[in-house]
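The values are calculated or read from the model by the stated rules, or taken from the named source; none is laboratory data. Computed from a predicted structure; not experimentally measured. Ligands, DNA and RNA are excluded from the accessible area calculation, which covers all protein heavy atoms including side chains. Shrake-Rupley method; radii C 1.70, N 1.55, O 1.52, S 1.80 Å.
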Amino acid sequence: MKSLFLKIFLSFWLAQALFLVLVVVVTVVLRPQRTSSWEALRSAVLNEAVNEYEHGGESQLRQYLDGLQETQHVRAFLFDEHGIEISRRGAPDWAFRVAAGGHAAPKEGFVIPAPTVLRESRASSDGRHRYTLVLGLPPGPRVFFGPRGLPVPGLIILAISSGFVCYLLAWFLTKPIVRLRAATRKLAAGDLSARSGAPASGRRDEVAGLMRDFDGMAERLQLLVEAQSRLLNDISHELRSPLARLNVALGLARQRSGPESAVMLERIELEASRLNELIGRILILARLEDGEQRVSQAAVPLDELVLNVAEDAEFEAQARHCHVRSTIPSGVWDVRGEASLLHSAIENVVRNAIRYTREGSTVEISLERTNSASGAEALVRVADCGPGVPTEALEKLFQPFYRLDDARGRLTGGVGLGLAITERAVRFHGGRVTASNRAEGGFAIEICLPLIPGGQVLEEMPEPVSAANEE
């Protein structure tokens, strides 16, 4: 069983059932038995029965035996030498078998163990007849089910009530764990405000202490991440002012310097431009992490946005003798969100593919419609023909400032923020991003975004639209 609730519930219930069985067994074992006393009295009972029969006949004998059954709960039967029950009281089969020398015991209901049966014989007063007395002793506490045993309705009520109590106990013990597990999943998904809701008072056990410790840990993590994000945001803002002054000084230096300084000034301008781009990305990332970036609910035509990104990327790809091809089916591809933020998210992926694809190859962008449990989704797939990514690094690609190779990052100008911004922008739009290596070689990233309900895609698939076809 994988459920802790079922383990606790069944363990307590079985423990109660075992306890009940042990109580009954101990009671039966330790209960004083009446067999020894009746063994001593059976000769006297036989003599009394024979006297009643010889002096009063069958009616007197029947009255005496009925009195034994009513007062002592002992079933007694008197047989002659021919095996005939003298009192004509309708003896059961087991009484006839015992009178004949057998060892059968009476079977009435569910009996554990069967009651003791005694047998005694003697001759008549004149010596012409021989009588045999058969006694069926009362089972007493040995009967578990029956008129003098435990009542079946009582056992059913006991089982239901104990099950209900065990259910409440198991629910009381496992409910905080379920809440703690849900809060852990939210925290792992990036929701730093997730809390388990530990009881403030009234419960001081280990589980409540664990919930309070978790809430304290989550609060501490939230404060640390928010402080880090604020620091990053503040530093980026502070760097904008000296960078702006650097650009002004660079423009003045160009006017006053000669041709021999042009190469160095261009290098300074390039590095300043990279620094400005880095600061801009850091600010975007900080806003996304802090939740300051508001996601608009306006309809964005995703097909037009992907086509614009493909056309712009084709111009950049020419520097590496590559091409960008886009495949976009006709239809309505509207999603809700911020057009500029979605444009940046897709553009980051496409530019990253252009950087690492082989020279002379083609970066493919496709738009497809898929269905999930939440509804229709648009799938944007960007695939390149590069070296791919190690499997263990696929989950780390969307972490800020993560790069597979620092030397390769410096060569291509990447700082490890593009995919991080993409992942957060898509997540804020209710979508998801996945990365994988292609079986035929290369790397692919898929972006899933929920479509606005009502949009339908036409069945026909037009020829791929490629900016390279314009050449």
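Per residue, how much accessible surface does the range 316-454 expose to a 1.4 Å probe? Answer in Å², no decimals.
Here the per-residue accessible area is 45 Å².
Rounded to the nearest angstrom and ordered from largest down, what semi-axes does the equivalent ellipsoid of the range 156-221 get from its C-alpha gyration tensor (root of 5λ)?
31, 13, 6
Taking a 1.4 Å probe, which of Phe428, Phe401 shows the most accessible area, and what order do the others take after it?
Ranked list, largest accessible area first: Phe401, Phe428.
Whole number please: convex hull volume per residue, Cα atoms of the range 213-352, in Å³.
180 Å³
Just the accessible area for Lys186, please: 1.4 Å probe, Å², rounded to the nearest 10?
About 110 Å², ignoring ligands and nucleic acids.
Return the tail of the calculated pair distribution for the range 205-247, meaning the percent of Cα-Cα pairs more than 12 Å apart.
Of all Cα-Cα pairs in the range 205-247, 70 percent lie more than 12 Å apart.
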